[in-house]
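Structure first, then comments.
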Amino acid sequence: MDTHTKELPRVRALEATTYLLKCYRELFEGDLLKALYYIDRALELEPDFRLALFLKGLILNAMGEINKAIDTFEKLVNYGSKNPIVWVFLGQSYGLLGRCDKAFSCYKNALGTENKFLSAFLLKLICTEFLGEYEEALKSCDELLTYAPRFVPIWVKKADILRKLGKYDDALLCLKKALELKPNDKNALYLMGVLLKRMGKFKESLDCFKKLIDELGVRWLDAIRHAVSVALIVGDLETAERYIKMGLDIREDDVYLWYYKGELYERLGKSDEALKYYKKALSLYPYRVDILLSIARIYERLGDVKKAVEYYNKAIECRDRSIEK
């Protein structure tokens with residue numbers, strides 16, 4: 001082989017590197033199309049140029065060309081790449097296509113290469129929860145917390161998974177830990193309120209929602225609904241009325257809030273107004289059995305037996321229809 005022939009591979013490698021540097025420049029300028037053009041030129045010269053393949057995968061991902069990005073990252077893996085970052089980006093690409101099973105496998109490979117890769121733990125956790133593998137998700141939470149014990153969102157996530165498994169006391173301990181680390185964490189307070197309500201600790205639940213809504217200024221409709229329901233349970237009608245108004249200002253066609261308003265006025269002994277609000281709720285959700293029963297109950301109390309029977313029959317029809325479905 002003459003000297004010229006020996007130099008050709010070296011020249012190709014240098015030229016490919018030049019295109020790679022041009023790709024970098026275009027990436028910094030935000031021009032993904034030009035960056036892709038230069039990276040393709042680099043790969044024409046050196047098809048197994050791993051850094052170029054990695055950059056191409058990132059560019060394709062950013063452009064929304066997910067299937068092409070997967071093909072590119074798969075090439076890197078097939079070339080024997082053991083870089084955990086490659087596995088993570090391959091997993092993310094599969095995740096964007098809803099292929100959580102494949103994504104989960106990629107994150108396991110990433111962690112097999114580097115077992116302290118926190119991003120891989122986090123993404124693996126998302127996949128396991130999506131797949132309903134809650135016990136596996138708990139393991140991922142514990143692994144993450146081993147390396148990042150002050151990471152509040154994972155304490156909250158662990159609590160949510162434990163809640164789904166019915167382990168309320170353990171979930172509560174996780175939320176208390178989260179609130180030790182960050183006393184005003186909104187997600188932890190919300191979940192604690194929901195959990196305490198489920199556990200029948202209504203006064204404590206209402207305290208959580210009051211802090212969330214009144215002190216921290218949160219205006220989440222679901223939190224307001226929960227606050228109204230527990231306020232009615234503990235008999236704090238003034239708070240219930242205030243939150244109902246707040247919720248209806250956010251969404252005036254919320255069936256739950258109109259139903260709660262009917263319940264509030266029924267508690268206040270104002271049957272005519274309670275009927276009006278229950279019927280408003282019914283107009284939004286015509287086949288809701290509990291609304292029909294509430295209306296029937298008020299008519300019965302008012303002595304209008306004919307109307308009461310009419311609504312009781314409607315409730316029975318709706319219940320039977322629901323059972324048949």
In order over region 74-90: 3J(HN,Hα) from phi, Karplus 6.51/-1.76/1.60, θ = phi - 60°, whole Hz, x for each Gly or Pro, gives 5, 4, 4, 4, 5, 6, x, 5, 10, 6, x, 5, 4, 4, 5, 5, 5
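What percentage of the solvent-accessible surface of region 1-149, computed with a 1.4 Å probe over protein heavy atoms, is contributed by carbon and sulfur atoms? Mind showing how you got there, number by number?
Details: 4580 of 8410 Å².
Carbon and sulfur atoms account for 55 percent of the accessible area of region 1-149.
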Rounded to the nearest 10 degrees, the helix 32-45 long axis (Cα) sits at an angle to the longest Cα principal axis of the chain of 40
The chain - charge dipole about Cα centre, Lys and Arg +1 at Cβ, Asp and Glu -1, debye rounded to 20
520
Which listed residue (T72, A13, V88) has the Cα farthest towards the positive end of the charge dipole for region 1-99, taking +1 on Lys and Arg C-beta and -1 on Asp and Glu C-beta about the Cα centre?
V88
Given unit charges at Cβ for Lys, Arg (+) and Asp, Glu (-), the dipole magnitude of region 160-247 about its Cα centre in debye, nearest 20, is 220
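Using a 10 Å cut-off on Cβ atoms, rank the peptides 59-67, 28-36 from the highest mean neighbour count down.
Numbers: 59-67: 16.2, 28-36: 13.9.
Those peptides, ordered most packed to least, come out 59-67, 28-36.
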With each pseudo-label sitting 7 Å past Cα toward Cβ, what's the N313-R219 distance in nm, one decimal?
4.6
Cβ-based charge dipole, the chain, positive-most Cα from L122, I298, Y311:
I298
Can you pull the three principal axis extents for the Cα set of region 103-173, in Å, largest first?
36, 26, 13
Extension gain from A148 to R12, taking 0.36 nm per residue of separation minus the Cα-Cα distance:
44.4 nm
Tell me, what ³J(HN,Hα) does each residue in region 61-71 have, in order and in whole Hz, if you take phi through Karplus 6.51 cos²θ - 1.76 cosθ + 1.60 with θ = phi - 60° and put x for Gly and Pro?
4, 5, 8, x, 8, 5, 4, 5, 4, 4, 4
On a 0 to 90° scale, report how tilted helix 118-130 is relative to the longest principal axis of the chain, with both axes built from alpha carbons and the result rounded to the nearest 10.
50
Charge dipole of the chain about the Cα centre (unit charges at C-beta), most positive-ward option of G200, Y168, F54
G200
Compactness ratio of region 49-180: Cα Rg over 2.2 N^0.38 Å, N = residue count?
1.16
Under a 1.4 Å probe, what is the accessible area of region 1-115 per residue, stated in Å²?
58
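What net charge do the residues around S271 carry, taking every other residue with its C-beta under 14 Å from that of S271, with Lys and Arg at +1 and Asp and Glu at -1? Can you show the working numbers first?
Details: positive: K261, R267, K270, K276, K279, R297, R301, K307; negative: E263, E266, D272, E273, E300, D304.
In short, +2.
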Helix 152-164 sits off the longest principal axis of the Cα atoms of the chain, rounded to the nearest 10 on a 0 to 90 degree scale, by 60
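For K186 and D207, calculate 0.36 nm times their separation in residues minus their Cα-Cα distance, and state this gained length in nm to one decimal.
Numbers: separation 21, 0.36 × 21 = 7.56 nm, distance 1.33 nm.
My answer for the length gained is 6.2 nm.
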Quote the convex hull volume per residue of the chain, based on C-alpha atoms, as a whole number of Å³.
190
Please list, in order along region 294-310, the HN-Hα scalar couplings obtained from phi with the Karplus expression 6.51 cos²θ - 1.76 cosθ + 1.60 (θ = phi - 60°), rounded to whole Hz, x for Gly and Pro.
5, 5, 4, 4, 5, 4, 4, 5, 7, x, 8, 5, 4, 5, 4, 4, 4
Whole-number Å³ per residue for the convex hull built on Cα positions in region 173-320:
110
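May I ask you to give the percent of accessible area on region 181-266 that is carbon plus sulfur, with a probe radius of 1.4 Å?
Details: 1840 of 3940 Å².
Of the solvent-accessible surface of region 181-266, carbon and sulfur hold 47 percent.
I'd like to check one number: the per residue accessible area of region 178-325, probe 1.4 Å, reported in Å² as a whole number. Present the calculation step by step, with values, prior to reporting the outcome.
Working: 8010 Å² over 148 residues.
Accessible surface, normalised per residue, equals 54 Å².
The values are calculated or read from the model by the stated rules, or taken from the named source; none is laboratory data. Because the structure is a prediction, the values reported are computed rather than measured. Don't worry about glycine lacking a Cβ; one is built from the backbone with ideal geometry, like all the others, and counts go over all protein chains shown. The protein model used for the area step is the full one, side chains on, heavy atoms only, and it has no ligands, DNA or RNA in it. Shrake-Rupley method; radii C 1.70, N 1.55, O 1.52, S 1.80 Å.
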